[in-house]
Each structure stands twice: as structure tokens, then as C-alpha cells.
Amino acid sequence: MPLSVIATPIGNLDDVSARALETLKSVDVLYCEDTRVTAKLLARYEIRVPLQSYREEVHRQKIGEIIALLADGKHVGLVSDAGTPGVSDPGSWLIRDILAAAPETIISPIPGPSAAVAALSISGFPGDEFVFLGFPPHKKGRAAFLKAAMQEPRSAVLYESTHRIEKALEALAEIDPARPLVVCRELTKMHETIYRGTAVLILERLKATSTKGEFVIVISRK
Ligand code: SAM
């Protein structure tokens, strides 16, 4: 049986494919980041399968466990807290290490939501070519990262946390005050808000509404 890498919703629990639900129901063990987060999704669809966490502290031990289960003919599933595993989350390290230890492992994607693609899809910026940059570094290299993002000849998509969104927009405004941006807050959730305009304009609107939640920034190409 394969290792099924299953995309899950980025907020709205209705955003899960029929195939993802079928796969979640059929796995012998489901590996996830935070079992409490995944348990909520499973409860919503009345799915009962054994959950195992693959968080960083137990990562190494889990690699061996997963390989042994697959060798035993078990169907193993992998999800992250939200969206597509491996997109800016620990799923990619897990898959890398499984392949390093057992290169013949069959790994099959069950595609679905990802915050980056959802944001790009409504940006109105060219999506035929884009770069995904993940999270800017917190300290060292942050200024250079943001500068490089603004110099991209393609649409650039990045993630930012509620703690640093204001600072990120301030930095982007300094680099190029006229550049069109799209900032997506809390996509698919109750407080979903899409801000369009320059960094300064978006910052003003954000402060007037809320800087809480999860954010994706899409930068129009230079
Ligand atoms: N694997 C996920 C994916 O496919 O989108 C991303 C995981 S990463 C650890 C979490 C970051 O994704 C958040 O800090 C935020 O930048 C972005 N994100 C996830 N869900 C979001 C949402 N509903 N609205 C806006 N951004 C979101």
C-alpha cells in the first residue's frame, strides 16, 4: 500500500475532496502534526482511525515506524495541520527522510487546498509563472529576503504570521511604495478579508480591521 499524502482544508472544513475523505477512512494509521487539529476534521466526518503525531521531537522514531508499517502492507496516511502537506510545513522533511531510508516507497498525493494557490487564484496577478517563497526569516536575512521578493520578475507568494504582518508590510512599503499587493487574511474562514493595493494602503486597512489571523501576501511582479 502507498503512503497517501492528503491535503486537508485551510479553514473551512467543507473544503475537503471526496477522495480525501475516502482515503482518510481507509488508512490503517494517520500521521499528523497536531492530533487535536486533525481530530476536529475527522470528528466532522465521523471518521475513526488511529492518529499518530510526527512533530519534530519524535520525527526520527516515526520514520522507522512508517517504513515498517508500509513494509507490512499497511495503508499509511499523512496530513498536516492545514492545506497541502509539505508546503511550508514539516511534511516535506518527513517525506524526504522516508525516501532516504526507503527509496522504493510509493508515495501518492491526494491533492486539495493550499493557502498559497488559493491566494494566487484571486490575486489577479499573472499565475502562469509565479514563485512561492514560504515564510520570510524572522531575523537574519529578513531584509534581503523581502527585497529579493520585490525584485522577482514573476508574481511572488509568501506566508506571514500575525506577529510579523505589520512589519512585513512596512518593509515592503519602504522597498517599493507603489507596488500592487494582495494580502489575504483568514482564507475560507469567518473573517476572510482580501486587501488589495499598495503596502501602505493595506497596512492602514489592516490596522482598521484586524491584524489577527493567518496571512498570505501576493506581490505583483516587478
Ligand atoms: N501546508 C499549508 C498550505 O498548504 O497552505 C501551509 C502551512 S504553513 C505552516 C501555515 C501558513 O500558511 C500560515 O501561517 C499562513 O501564512 C498560511 N495559511 C494557512 N491557512 C491560511 C488561511 N486560511 N488564510 C491565510 N493564510 C493561511
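The values are calculated or read from the model by the stated rules, or taken from the named source; none is laboratory data. These figures come from a predicted structure and were not determined experimentally. Ideal geometry is used to build each Cβ from the backbone, glycine not excepted, and the neighbour counts take in all protein chains shown. Ligands, DNA and RNA are stripped out before the accessible areas are found, and what is left, the full protein with its side chains, is counted by its heavy atoms. Shrake-Rupley method; radii C 1.70, N 1.55, O 1.52, S 1.80 Å.
Treating only the Cβ atoms of Lys and Arg (+1) and Asp and Glu (-1) as charged, compute the dipole magnitude of region 115-219 about its Cα centre; round to the nearest 20 debye. For region 115-219, the charge dipole is close to 320 debye.
How big is the antiparallel share of DSSP beta bridges in the chain, given as a percent to the nearest 5?
Working: 16 of 33 bridges.
That works out to approximately 50 percent antiparallel.
For region 76-183, the carbon plus sulfur part of the accessible surface works out to 61%, probe radius 1.4 Å. Can you tell me what share of the DSSP beta bridges in region 3-110 is antiparallel? A percent to the nearest 5 is fine. Within region 3-110, antiparallel bridges account for around 5 percent of the total.
If you roll a 1.4 angstrom probe over the protein chains with everything in place, what fraction of the accessible area of region 23-75 belongs to carbon and sulfur, to the nearest %?
Working: 1460 of 3070 Å².
Carbon plus sulfur share of accessible area: 48 percent.
Please work out whether region 115-219 counts as rounded, prolate or oblate from its C-alpha gyration tensor, where a ≥ b ≥ c are the square roots of the eigenvalues and a/c under 1.5 means rounded, while otherwise a/b larger than b/c means prolate and anything else oblate? Rounded is the answer for region 115-219, as its axis ratio a/c remains below 1.5. Pairs of Lys residues in the chain that lie 8 or more places apart, or on two chains, and have C-alpha atoms under 28 angstrom apart add up to 29.
In the chain, the longest principal axis of the Cα atoms and the axis of helix 165-175 are about 50 degrees apart.
Just the accessible area per residue of the chain, please: how many Å² with a 1.4 Å probe? Intermediate values should be presented prior to the final figure.
Details: 11380 Å² over 222 residues.
Ligands and nucleic acids excluded, the figure is 51 Å² per residue.
The H on the amide N of ASP81, modeled in the peptide plane, is under 5 Å from the matching H of GLU33, ASP34, each at least 5 residues off or on a different chain.
Computed from Cα atoms, the angle from the helix 59-71 axis to the main principal axis of the chain rounds to 50 degrees.
Three principal axis extents of the chain based on alpha-carbon atoms, in descending order, are 58, 35, 33 Å.
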